[in-house]
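Engineer: Here it is, the structure, as structure tokens.
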Ligand SMILES: Nc1ncnc2c1ncn2[C@@H]1O[C@H](COP(=O)(O)OP(=O)(O)O)[C@@H](O)[C@H]1O
Ligand SMILES: [Mg+2]
């Protein structure tokens with residue numbers, strides 16, 4: 001072979017520009033929208049955290065440095081909300097995931113009428129979240145809902161009353177609604193992952209003598225693991241930001257017992273119109289979620305390196 | 001119809017070179033087959049001709065016009081894909097007429113072009129079907145039909161038959177050959193199957209590792225392979241190779257090649273190699289002669305009847321060696337056979353793998 | 001069949017039944033109360049179905065309340081958002097699926113980040129930004145905000161659908177004489193219809209459900225969406241359960257219709273994504 005010097009010839013400038021800019025042209029509208037409505041407000045929101053922004057007070061707007069954060073350090077309501085957030089998120093994710101996985105496994109087997117059943121059990125996912133909240137609030141209401149009466153019948157309660165107004169039990173209301181509403185999300189995602197597992201793997205394993213439990217442990221779980229990791233991570237972040245159900249069902253009450261950080265931010269912004277303080281809380285929440293995500297990613301990395 | 005010139009064409013994906021400078025001239029109406037093992041850059045070359053990949057350096061000309069910067073749609077070529085790439089949401093007729101519709105050809109012209117192509121390929125009863133409702137062979141035909149309706153300057157084929165079963169492949173091979181005889185369109189056909197290459201090509205371009213190894217008619221490549229790669233790649237079962245040293249002619253003896261056990265296989269004398277140079281001796285399985293007086297003895301490992309003939313798998317000096325014969329007696333070969341190598345069928349390659357003499 | 005196997009099948013169907021009941025019961029109750037006449041509401045408490053049914057609550061909600069306005073507003077906002085987002089996400093999803101370009105990594109990272117941070121954080125700044133533009137208390141403002149919120153996920157969804165369409169097809173189209181954009185419009189888009197349906201449905205449902213920004217950005221009845229209207233209704237007439245639930249049932253209808261249309265494609269789309277890795 002003769003080796004000639006490679007002389008790169010270049011296509012005309014106009015064509016090169018057109019070729020190079022094509023993907024940017026396709027994605028520009030989406031990016032511009034995201035930048036204008038999410039990124040700019042995000043930056044502005046971060047700056048609010050250091051300013052005194054009260055919607056009804058025309059004299060507000062000054063720079064207050066770390067004042068909001070100092071106030072936050074003294075704010076017992078905030079720390080209560082932080083604890084409630086942990087509880088709310090942990091319980092919701094745990095039950096959504098567990099029941100979602102079971103449902104996905106049940107639906108992964110072919111049976112007569114599966115299409116219909118799938119549509120029905122996934123239906124709660126389509127119910128608007130505010131309506132899911134109202135719906136469950138009504139179910140817990142002893143005046144029109146059956147649940148308190150059933151609790152009495154089961155001996156769990158002495159007389160029918162609304163758990164949403166019971167400081168010790170109130171959090172369970174939004175959690176139950178959230179689980180009902182969120183099971184389909186996990187089930188859909190996990191079902192999709194399950195159906196992507198090659199069937200002949202199971203057949204090979206059965207021929208090799210693996211029972212159902214071994215097949216689940218040695219094939220299903222390893223295949224699902226990446227999906228589980230990513231959906232649980234994303235869902236955890238999402239649920240800790242998800243205030244709709246609480247705003248609708250309890251509005252943080254009774255006695256702030258169901259106030260989570262996200263709903264607390266909303267209360268500060270919407271009810272008290274104190275945007276500066278709301279932004280400061282939001283910034284802290286964002287930082288906490290970032291730390292959480294980082295930890296998970298790091299944990300995964302170390303596990304992968306070991307494995 | 002058009003000629004295609006490829007001039008020192010190189011291709012790299014980022015820092016990774018895939019084609020190391022290809023020069024090739026394809027004459028008007030010629031059927032060229034690019035053949036080589038998978039990953040050697042055949043598709044890349046074909047796709048550069050089609051305009052689907054940028055050329056890193058060098059020029060491609062169609063009918064003498066440089067097309068490097070032309071979009072595929074402006075090159076007036078047709079391509080048949082390995083996956084057929086039929087549009088699933090269009091009927092067979094619509095698939096075939098799509099290119100003409102894009103060119104705003106008159107309705108009557110489209111109808112006659114599609115009708116003509118469908119008649120040639122036996123697709124008439126299928127015109128209203130969707131690709132999903134066709135068998136593999138029928139899809140293949142539609143892909144061919146889509147290419148021929150618009151009488152392009154050149155046809156490009158990227159392994160068009162590799163998704164068919166053996167019998168269909170044979171049949172389509174013959175049909176492609178007939179179509180080409182009929183249309184006389186310049187065609188470039190990519191395959192890794194050397195039988196397709198042998199049967200279809202006017203000229204074969206054998207490629208390996210992004211480098212063209214040899215260009216020539218099928219029989220040229222078969223009879224005088226330019227190097228070890230082509231020798232081994234063309235032909236099935238593949239050519240046998242034996243290591244040895246060249247013995248120069250003298251003292252009443254002719255030239256020969258001394259094998260590891262000392263046997264000297266006589267060969268026609270060659271120029272261009274010195275005495276005792278390391279060489280590789282090649283002989284095709286069908287050229288080996290079994291004879292009781294043969295000069296080499298080999299042990300029989302396996303007897304493989306193919307119906308058409310018999311393949312004997314042997315060990316010669318501990319190395320695998322094959323014989324192909326039509327003689328049924330080979331079925332009852334004993335534990336060892338003696339073989340002879342007729343001189344005129346011997347190939348000699350130097351230590352760089354290039355053909356000598 | 002062996003009895004063990006029969007038992008297993010029984011357990012499987014039983015478990016599925018439990019899920020179906022759990023999923024549907026709240027919605028059933030909503031429907032039940034909405035057709036229960038007021039005088040039976042308290043006397044028949046936990047009965048599964050009232051002895052008499054009525055449509056008076058629906059009549060009242062449709063004829064004598066602002067709900068038709070809320071409904072119309074929600075329909076406009078959700079429909080417009082779904083269309084805008086699907087168009088933008090088709091374009092950007094196509095770019096992510098078909099091109100490799102320098103900024104791709106950053107675009108994906110950016111879109112992932114927008115899925116991670118608390119949207120409540122944006123409530124205050126967005127309010128402050130939109131009000132001088134006259135976009136608070138306006139449906140247009142809501143459409144803009146909802147579109148931005150939904151574009152990232154919809155982009156990923158569309159990308160996974162595009163990834164499922166072989167690149168060969170548009171290459172064939174380009175050789176047949178199409179430009180890349182014509183190939184996109186005539187070959188790729190028609191094949192992505194299920195994906196487009198799924199994206200439309202997904203975004204519609206998301207916009208139909210959104211509560212916090214609607215509460216924040218909308219104050220009067222004229223531009224209120226269903227969630228805002230229903231919530232005001234709840235706090236104002238918190239005793240008229242029949243009417244509230246009738247309104248709830250009405251709010252449920254479009255979202256459920258959309259869902260039933262698209263749910264098949266949704267699992268399919270996610271499966272495609274999962275196969276891809
Ligand atoms: N888009 C790409 N990016 C990087 N490498 C590629 C790309 N396409 C092909 N290659 C590499 O180029 C080489 C030649 O590929 P190809 O032309 O498809 O081979 P084949 O002869 O089998 O058709 C292969 O090693 C392949 O890995
Ligand atoms: Mg190839």
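Engineer: For residues in segment B:7-17 being within 13 Å of chain A (Cβ to nearest Cβ) and within 13 Å of ligand 1 (Cβ to nearest atom), which is modelled with the lowest pLDDT? Walk me through it before giving the result.
Structural biologist: Going residue by residue through segment B:7-17, those that are within 13 Å of chain A (Cβ to nearest Cβ) are B:7-12, B:15, B:17.
Checking which are within 13 Å of ligand 1 (Cβ to nearest atom) leaves us with B:9-12, B:15, B:17.
Numbers: B:9: 95, B:10: 95, B:11: 95, B:12: 94, B:15: 88, B:17: 93.
Among residues in segment B:7-17 that are within 13 Å of chain A (Cβ to nearest Cβ) and within 13 Å of ligand 1 (Cβ to nearest atom), the one modelled with the lowest pLDDT is B:15.
Engineer: Let me ask you something else. Got a sec? Which of B:190, B:142 is within 16 Å of ligand 2 (Cβ to nearest atom) and assigned by TED's automatic domain parsing to the domain that holds residue B:23?
Structural biologist: The unique qualifying residue is B:190.
Engineer: Another question about this same structure. Those residues that are within 16 Å of residue A:285 (Cβ to Cβ), surrounded by 18 or more Cβ atoms within 10 Å (Cβ to Cβ) and within 12 Å of chain C (Cβ to nearest Cβ), I need them from segment A:44-74; list them, please.
Structural biologist: If the condition is that a residue be within 16 Å of residue A:285 (Cβ to Cβ), surrounded by 18 or more Cβ atoms within 10 Å (Cβ to Cβ) and within 12 Å of chain C (Cβ to nearest Cβ), then A:45, A:48, A:49 are the ones that fit.
Engineer: Does residue B:46 satisfy the condition of being within 12 Å of ligand 1 (Cβ to nearest atom), within 28 Å of residue B:219 (Cβ to Cβ), assigned to a helix (DSSP H, G or I) and away from chain A (no Cβ under 14 Å)? Even if it seems obvious, please write down each step before you answer.
Structural biologist: Working: within 12 Å of ligand 1 (Cβ to nearest atom): yes; within 28 Å of residue B:219 (Cβ to Cβ): yes; assigned to a helix (DSSP H, G or I): yes; away from chain A (no Cβ under 14 Å): yes.
Yes: the conditions hold for residue B:46.
Engineer: Could you list, in sequence order, the residues of segment B:56-79 that are in contact (Cβ under 8 Å) with a residue 24 or more places away in the chain, more than 9 Å from chain C (Cβ to nearest Cβ) and surrounded by fewer than 22 Cβ atoms within 10 Å (Cβ to Cβ)?
Structural biologist: Answer for segment B:56-79, where residues must be in contact (Cβ under 8 Å) with a residue 24 or more places away in the chain, more than 9 Å from chain C (Cβ to nearest Cβ) and surrounded by fewer than 22 Cβ atoms within 10 Å (Cβ to Cβ): B:56, B:57, B:59, B:61, B:62, B:63, B:64.
Engineer: Could you please find all residues in segment C:192-210 being surrounded by 18 or more Cβ atoms within 10 Å (Cβ to Cβ) and away from chain A (no Cβ under 13 Å)? Spell out how you get there, then give the answer.
Structural biologist: Let us first name the residues in segment C:192-210 that are surrounded by 18 or more Cβ atoms within 10 Å (Cβ to Cβ), namely C:192, C:195-210.
Residues satisfying the conditions are C:192, C:195, C:196, C:197, C:200.
Engineer: Looking at segment B:151-168, which of its residues are crowded, with 19+ Cβ neighbours inside 10 Å and either part of a helix (DSSP H, G or I) or more than 15 Å from ligand 2 (Cβ to nearest atom) (or both)?
Structural biologist: B:152, B:154, B:155
Engineer: For segment B:37-80, which residues satisfy the criterion of being touching a helix residue (DSSP H, G or I) at 6+ places or on another chain (Cβ under 9 Å) and near ligand 2 (Cβ under 10 Å from one of its atoms)?
Structural biologist: Scanning segment B:37-80 gives a single hit, B:47.
Engineer: Can you tell which of A:265, A:239 is outside any loop (DSSP other than H, G, I, E, B), without any contact (Cβ under 8 Å) to a residue 24 or more places away in the chain and within 22 Å of the chain's Cα centre (by Cα)?
Structural biologist: On inspection, the qualifying residue turns out to be A:265.
Engineer: Separate question: With surrounded by 14 or more Cβ atoms within 10 Å (Cβ to Cβ) and over 31 Å from the mean Cα position of the chain (by Cα) as the only criterion, which of C:40, C:6 stands out?
Structural biologist: Working: C:6 fails: surrounded by 14 or more Cβ atoms within 10 Å (Cβ to Cβ).
Unique residue meeting the criteria: C:40.
Engineer: Which one of B:204, B:176, B:188 is away from ligand 1 (no atom under 12 Å from the Cβ), buried (at least 17 other Cβ atoms within 10 Å of the Cβ) and within 14 Å of another protein chain (Cβ to nearest Cβ)?
Structural biologist: Within the list B:204, B:176, B:188, the selection yields B:188.
Engineer: Considering only segment C:152-257, give the helices (runs of 4 or more DSSP H) lying wholly within it that have at least 3 residues that are in contact (Cβ under 8 Å) with a residue 24 or more places away in the chain. Give the derivation first.
Structural biologist: Working: elements: C:167-176, C:180-183, C:193-209, C:212-217, C:226-236.
Per the criteria, C:193-209, C:212-217, C:226-236.
Engineer: While we're on this one: Among the residues in segment B:84-105, are any at pLDDT below 95, within 16 Å of ligand 2 (Cβ to nearest atom) and either assigned to a loop (DSSP other than H, G, I, E, B) or not assigned by TED's automatic domain parsing to the domain that holds residue B:180 (or both)?
Structural biologist: There is at least one residue in segment B:84-105 that is at pLDDT below 95, within 16 Å of ligand 2 (Cβ to nearest atom) and either assigned to a loop (DSSP other than H, G, I, E, B) or not assigned by TED's automatic domain parsing to the domain that holds residue B:180 (or both).
Engineer: In this structure, does residue B:39 turn out to be within 11 Å of ligand 1 (Cβ to nearest atom), surrounded by fewer than 18 Cβ atoms within 10 Å (Cβ to Cβ) and in a loop (DSSP other than H, G, I, E, B)?
Structural biologist: Answer is yes for this residue.
Engineer: So which of B:130, B:101, B:61 ends up being touching a strand residue (DSSP E or B) at 6+ places or on another chain (Cβ under 7 Å), away from ligand 1 (no atom under 16 Å from the Cβ) and farther than 24 Å from residue B:177 by Cα? Please lay out each step first, then the result.
Structural biologist: Details: B:130 fails: touching a strand residue (DSSP E or B) at 6+ places or on another chain (Cβ under 7 Å); B:101 fails: touching a strand residue (DSSP E or B) at 6+ places or on another chain (Cβ under 7 Å).
Exactly one of B:130, B:101, B:61 is touching a strand residue (DSSP E or B) at 6+ places or on another chain (Cβ under 7 Å), away from ligand 1 (no atom under 16 Å from the Cβ) and farther than 24 Å from residue B:177 by Cα, namely B:61.
Engineer: Does residue A:29 satisfy being modelled with pLDDT under 90 and surrounded by 12 or more Cβ atoms within 10 Å (Cβ to Cβ)? Steps first, please.
Structural biologist: Working: modelled with pLDDT under 90: no; surrounded by 12 or more Cβ atoms within 10 Å (Cβ to Cβ): yes.
Here the answer is no, as residue A:29 does not meet what is asked.
Engineer: Continuing with this model, one more query. Name the pairs: first residue in segment A:132-154 and in contact (Cβ under 8 Å) with a residue 60 or more places away in the chain and facing another protein chain (nearest Cβ under 8 Å), second residue part of a loop (DSSP other than H, G, I, E, B) and crowded, with 19+ Cβ neighbours inside 10 Å, Cβ to Cβ under 9 Å, at least 6 apart or on different chains?
Structural biologist: Hits for this filter: A:136/A:145.
Engineer: So residue A:93 clears everything in (1) within 14 Å of chain C (Cβ to nearest Cβ); (2) at pLDDT 95 or above except one condition, right? Which one?
Structural biologist: With (1) within 14 Å of chain C (Cβ to nearest Cβ); (2) at pLDDT 95 or above applied to residue A:93, the lone miss is (1).
Engineer: If we scan segment B:20-34, do we find a residue that is within 16 Å of ligand 2 (Cβ to nearest atom), within 14 Å of another protein chain (Cβ to nearest Cβ) and within 16 Å of residue B:205 (Cα to Cα)?
Structural biologist: Taking every residue of segment B:20-34 in turn, at least one turns out to be within 16 Å of ligand 2 (Cβ to nearest atom), within 14 Å of another protein chain (Cβ to nearest Cβ) and within 16 Å of residue B:205 (Cα to Cα).
The values are calculated or read from the model by the stated rules, or taken from the named source; none is laboratory data. All of these numbers come straight from a predicted model, not from anything done at the bench. No Cβ is skipped: glycine too gets one built from the backbone with ideal geometry, and neighbour counts run over all protein chains shown.
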